[in-house]
Amino acid sequence: MKSWAGTITAPLVVENDGVNYVVNAIAEKRGMVAYECQPGPKGQIPDYPTRGKIERQVAKSAHEHIVVFVNQDRTVQTWQWVRREKGRPAARREHTYVCAQPGDSLIQKLQNLMVSLDEEEKLTIVDIFGKVRQAFDVDRVTRRFYDRFKEEHKAFLSFIEGITAVADREWYASLMLNRLMFIYFIQKKGFLDGDDHYLRNRLQMVRHSQGIGKFHTFYRYFLRRLFHEGLAQPKEDRKGDLSTLLGNVPYLNGGLFDTHQLENDNPEIQIPDEAFERLFDFFDAYQWHLDERPTRADNEINPDVLGYIFEKYINQKQMGAYYTKEDITEYISKSTIIPFLFDAAEKKCAIAFRPEGAVWRLLRDDPDRYIYEAVRKGVDLPLPEGIAAGVADVAKRGGWNRPADDSFALATETWREHVARRTRWRCGPNSPPETFTVSMTSSPVIWTCASSPRMSSRPAKGRTSCGPSGRASRRYPCSTPPAVPAPSSLPL
């Protein structure tokens with residue numbers, strides 16, 4: 001095997017809130033550079049927003065890179081890689097290793113980065129990028145879980161009785177496993193009668209009370225009632241004797257535990273207890289968590305595994321369900337759910353949305369996290385002289401209706417539209433204090449002040465004027481949100 005070559009370059013110094021972070025290039029292979037970031041003055045690894053700022057500065061020196069953040073005594077490491085793909089938002093992937101935890105997961109990732117002597121001669125940056133992506137973009141434990149999941153799905157399928165059609169049995173096996181995996185996550189949070197081994201303990205309880213020889217009792221006597229009468233029913237609608245059987249379990253209004261059409265069409269479904277004993281042995285080999293904890297062990301999984309399995313394993317034609325990838329769901333949530341939550345939160349805690357409030361600080365510290373990459377395209381490049389002249393002088397905008405250069409423009413964007421987008425994104429100290437301008441082209445609206453955006457799905461009241469794009473804009477009093485510079489004051 002051949003290692004990456006050592007790299008000797010001047011250290012990068014990244015300043016954030018008065019603190020300088022020193023970033024050293026420690027290895028390189030075909031243009032992919034590995035950096036080590038030294039800790040801050042308190043000896044700690046910088047926080048998540050600061051790591052993002054450091055990474056963006058490093059990207060200016062080496063587009064493809066890995067950054068390893070270390071603390072003072074080198075007992076904690078955070079390995080960071082950012083996936084950048086055309087047309088998709090940047091996705092930051094991080095793996096934190098603490099000396100007290102097993103190192104198998106990190107070792108597996110690093111093994112993916114090794115280059116054999118046979119590969120060396122024809123190796124390109126594309127090959128290295130592929131190795132890094134394989135190492136960091138999909139959690140190895142999730143893949144390992146999925147590989148075993150396929151075997152257990154097949155085994156569980158063989159236990160199902162009472163469904164004639166093979167396709168329907170496969171469908172029902174997937175449904176049951178999805179239900180049980182969901183329950184494994186919530187039981188670990190203590191949501192099911194305060195028992196983090198709820199299913200396993202209830203299996204033993206039912207077998208003890210009903211008799212070991214009755215091999216179908218857990219499914220018919222317990223699970224069906226847990227699904228349909230417990231988790232799928234509000235507590236006030238449940239039968240009186242149910243709490244003795246199920247204990248204290250929540251109502252989950254999501255449809256997953258409602259009576260399924262397959263259960264209506266096949267009322268004699270039977271699944272022996274042996275199937276669940278085997279399945280729980282598989283599940284119990286992993287630690288189930290609803291969060292991303294930095295000190296996680298190498299056999300922990302999180303809810304991402306459900307999406308991964310759904311994407312890889314779902315029978316789309318039979319179930320009529322299709323996996324929606326993260327770029328689409330991200331766009332939908334950013335355009336609907338997040339503005340709704342912001343509006344609701346602002347009504348309850350308006351101070352958090354004011355300048356220097358908690359929400360404002362999040363936006364100020366990492367604005368690019370909340371603004372689409374497309375909105376930022378070309379805004380850091382100096383405008384051509386002929387276009388820049390028209391920013392301050394309307395009489396010099398003769399070329400503004402021409403298509404903008406590719407390095408500046410989104411698809412079909414003219415110079416007039418680019419300057420309008422640039423105006424909405426950028427701001428500077430010359431912003432007029434009494435007013436701000438917001439383009440009324442879409443929602444959510446992004447207001448910008450001192451490099452900090454603010455989003456709102458609710459337009460304020462104001463009088464209409466015309467911005468540089470020729471589209472309708474409104475001017476609002478400064479008390480509503482902070483100021484955005486007029487085109488004439490935009491620093492270019």
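Going from the fewest other Cβ atoms within 10 Å to the most, the residues LYS347, LYS109 appear in the order LYS347, LYS109.
Which pairs, out of LYS53/LYS131; LYS109/LYS131; LYS86/LYS334; LYS53/LYS348; LYS29/LYS53, put more than 21 Å between their alpha-carbon atoms? Please report the intermediate quantities before stating the final value.
Values: LYS53/LYS131 25 Å; LYS109/LYS131 9 Å; LYS86/LYS334 19 Å; LYS53/LYS348 31 Å; LYS29/LYS53 24 Å.
Distance filter (> 21 Å) returns LYS53/LYS131; LYS53/LYS348; LYS29/LYS53.
Under a straight-distance cross-link criterion of Cα-Cα below 16 Å, which aspartates and glutamates are reachable from LYS377, leaving out those fewer than 8 residues away in the same chain? Partners found: GLU85, ASP368, ASP405, ASP406, GLU413, GLU417.
Evaluating 6.51 cos²θ - 1.76 cosθ + 1.60 at θ = phi - 60° for every residue in the range 43-56, the Karplus couplings come out as x, 9, 5, x, 6, 4, x, 5, 4, x, 5, 4, 4, 5 Hz, glycine and proline recorded as x.
Subtracting the Cα-Cα distance of ASP73 and HIS208 from 0.36 nm times their residue separation leaves 43.3 nm of extension gain. Taking amide H as placed 1.01 Å from N in the peptide plane, the amide H of TYR35 sits under 5 Å from that of ILE26, ILE66, VAL67, VAL68, each at least 5 places away or on another chain. Spin-label pair GLN44-SER243: with each label point 7 Å from Cα along the Cα-Cβ axis, the two points sit 4.4 nm from one another. Working from label points 7 Å from Cα in the Cα-to-Cβ sense, the LYS188 to ARG225 distance is 2.9 nm.
Just subtract the alpha-carbon distance of LEU123 and ILE328 from 0.36 nm times their residue separation and send over the number in nm, one decimal. List each step's numbers first, then the result.
Working: separation 205, 0.36 × 205 = 73.80 nm, distance 3.39 nm.
The span from LEU123 to ILE328 would gain 70.4 nm if fully extended.
Residue-wise HN-Hα couplings along the range 411-422, as the Karplus relation 6.51 cos²θ - 1.76 cosθ + 1.60 with θ = phi - 60° gives them from phi, are 4, 6, 7, 8, 4, 4, 5, 5, 5, 4, 5, 4 Hz; Gly and Pro carry x. Between GLU236 and GLU268, the simple label model (points 7 Å from Cα in the Cβ direction) yields a spacing of 4.1 nm. Each of SER407, SER209 was scored by other Cβ atoms within 10 Å of its Cβ. Arranged with the fewest first, they read SER407, SER209. The HN-Hα couplings worked out from phi for the range 276-285 by the Karplus form 6.51 cos²θ - 1.76 cosθ + 1.60 (θ = phi - 60°) are 6, 4, 5, 5, 5, 4, 5, 4, 6, 6 Hz, whole numbers, x standing for Gly and Pro.
Using R0 = 22 Å, the C-beta based FRET efficiency linking THR336 and ARG369 works out to 0.75. Estimated from the Cβ-Cβ distance and a Förster radius of 30 angstrom, the FRET efficiency linking GLU385 and ALA350 is about 0.10. Pairs from the table (LYS150/LYS239; LYS60/LYS122; LYS150/LYS235; LYS122/LYS150; LYS189/LYS239) lying more than 32 angstrom apart at Cα are LYS150/LYS239; LYS150/LYS235; LYS122/LYS150.
No lab work stands behind these numbers, since they all come straight from the coordinates. Given the structure is predicted, the values throughout are model-derived calculations rather than measurements. Glycine also receives a Cβ, built like all others from the backbone with ideal geometry; neighbour counts cover every protein chain displayed.
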